[in-house]
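The values are calculated or read from the model by the stated rules, or taken from the named source; none is laboratory data. Given the structure is predicted, the values throughout are model-derived calculations rather than measurements. Cβ atoms come from the backbone with ideal geometry, glycine included; neighbour counts cover every protein chain shown. The accessibility values were calculated without ligands, DNA or RNA, using every heavy atom of the protein model including side chains. Shrake-Rupley method; radii C 1.70, N 1.55, O 1.52, S 1.80 Å.
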Amino acid sequence: MTVKRQAQLFQFLLILIAFQMPLLHTKAFAAPSAPDPAVTYANSVGKGPARYSEGYFGTGDNRLHYVEAGKGPLVILYHGFPSFWFSFFDQMERLKTRYRVVAIDGLGANLSAKPEAMEPYRIDKLVAGLDALARHLNGKKRFILIGHDWGAALSFAYALAYPDRLNAVIGLSAPPYNLFLDLVRTSPEQQARSHYMQLFRTLTLASVISSGAPERIWQQAYGGLISSGMLGKEEANLFRSALSDPRAIHGGMNWYRANLTGFADLNPSYDWPKQGQKITVPSLLLWGDADQTFVEDFLTRVEDYAPGISIVRLPGVGHWAPMERPELANAAIEKFLRCSVHPIRRRTVSKQNGIRGDGC
């Protein structure tokens, strides 16, 4: 999200706080019975024989909706806010020929559960829920985890908690969770850029519903992608529909409520992840150099939290790295997986036969 769009969002949220209009009508949101329209769309435009299917795991406040395609080693993808599983469609299309790709609707989003209590949204609970789903899908086998935005912070946190469960972790557009906590605790510039997170913590479901927040947040988040042609009309409407339930907006904001205090009140010796704990599995960070969400200083500090992490900068890309230039993101992901996770014997380049190496 650009600085301009963040400023627009700040103004809108301040209006929400100041004018929390009374609810005139309360809508009951029933569990979905129809197929996810994004799955139908994915199957209508997807390439190759691998079809997309959806499933659910868990019950009650822990129920997660997910979409999968392909066969092979398991790759799980976890989105950020405000979004849903379809934000990874381009990555799923690219990887499904060699992997079993499973994209999750994060807790609170789209067709997953939207608990009112804060406890299910705590980062340690989210990590445990992700592990339960991975074991349901893949047993005790290791897998690859890819996340964007909040999903990236969660993915890196999972790598801290369950290093023996992963072949690799990949984060797009966000630092590891413990680095993020240190940034917002110590950096005035990062506190200014993350001010919207504190505003999210103050909003009630009533204010989200009465103010039309879902439509406005959809416009703020995806308007630039739509106007630039990065999202077509049908795809834009899928995101609009997924964000139309006010509880999905409120659920996404619960991630901030459950895991943040006031920045000045953050304890430098937070309980989890343990301070000083480091990511030990093969890891990759993709960062768009036009992304203004985090101070660039975090790129120089990230190796203190994930020694040996690979960093790939995506030129001209903003915060929506999976969708803005998917060919760049996909190429970096595939190269990392080929060279770091499933390395093959390198071949010597020969002038006579023109054989190329693996590009690692």
(message) So, Gln20, is that one at pLDDT below 85 and open to solvent by 60 Å² or more (accessible area, probe 1.4 Å) or not?
(response) yes
(message) I'd like to check something: does segment 86-97 contain any residue that is in contact with a helix residue (DSSP H, G or I) (Cβ under 7 Å, 6 or more places away or on another chain) and acidic (Asp, Glu)?
(response) yes
(request) Determine which single condition Leu199 fails, assuming it passes every other condition in (1) closer than 19 Å to Ala117 by Cα; (2) assigned to a helix (DSSP H, G or I); (3) open to solvent by 20 Å² or more (accessible area, probe 1.4 Å). (result) (3)
(message) When you check Thr280 against the structure, is it of a type in the set (Ser, Thr, Tyr) and at pLDDT below 95, yes or no?
(response) no
(message) Please go through (1) in a loop (DSSP other than H, G, I, E, B); (2) over 18 Å from Asp131 (Cα atoms) for Leu107 and return the number of the only condition it doesn't satisfy.
(response) (2)
(message) Against the definition (in contact with a Ser or Thr (Cβ under 6 Å, 6 or more places away or on another chain) and either more than 16 Å from Gly80 (Cβ to Cβ) or not charged (D, E, K, R) (or both)), how does Ile309 come out, yes or no?
(response) yes
(request) Determine which member of the set Val75, Val67, Val39 is modelled with pLDDT of 95 or more, within 27 Å of Phe200 (Cβ to Cβ) and not in a loop (DSSP other than H, G, I, E, B). (result) Val67
(message) As an exercise: evaluate Lys71 against (1) among the basic types (Lys, Arg); (2) closer than 23 Å to Asn167 by Cα; (3) crowded, with 17+ Cβ neighbours inside 10 Å and give the number of the one condition it does not meet.
(response) (3)
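This table checks each residue for (1) out of contact with any strand residue (DSSP E or B) (no Cβ under 8 Å at 6 or more places or on another chain); (2) free of Cβ contacts under 8 Å to residues at least 40 places away in the same chain; (3) of a type in the set (Ser, Thr, Tyr).
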position: Arg122; (1), (2), (3): yes, no, no
position: Leu130; (1), (2), (3): no, no, no
position: Ala134; (1), (2), (3): no, no, no
position: Leu145; (1), (2), (3): no, no, no
position: Asp149; (1), (2), (3): no, no, no
position: Ser155; (1), (2), (3): no, no, yes
position: Ala159; (1), (2), (3): no, no, no
position: Tyr162; (1), (2), (3): yes, yes, yes
(request) Mind telling me which of the residues Gly229, Gly308 ends up being more than 26 Å from Leu107 (Cα to Cα), open to solvent by 10 Å² or more (accessible area, probe 1.4 Å), out of contact with any strand residue (DSSP E or B) (no Cβ under 9 Å at 6 or more places or on another chain) and not in a helix (DSSP H, G or I)? (result) Gly229
(message) I'd like the full set of residues that are farther than 23 Å from Gly129 by Cα, open to solvent by 80 Å² or more (accessible area, probe 1.4 Å) and not in a loop (DSSP other than H, G, I, E, B), limited to segment 42-64.
(response) Ser44
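Each row is one residue, and each column tells you yes or no for (1) surrounded by fewer than 24 Cβ atoms within 10 Å (Cβ to Cβ); (2) under 27 Å from Gly288 (Cβ atoms); (3) in contact with a Lys or Arg (Cβ under 7 Å, 6 or more places away or on another chain).
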position: Ala103; (1), (2), (3): no, yes, no
position: Met118; (1), (2), (3): yes, no, yes
position: Gly139; (1), (2), (3): yes, no, no
position: Gly151; (1), (2), (3): no, yes, no
position: Ala157; (1), (2), (3): no, yes, no
position: Arg165; (1), (2), (3): yes, no, yes
position: Ser173; (1), (2), (3): no, yes, no
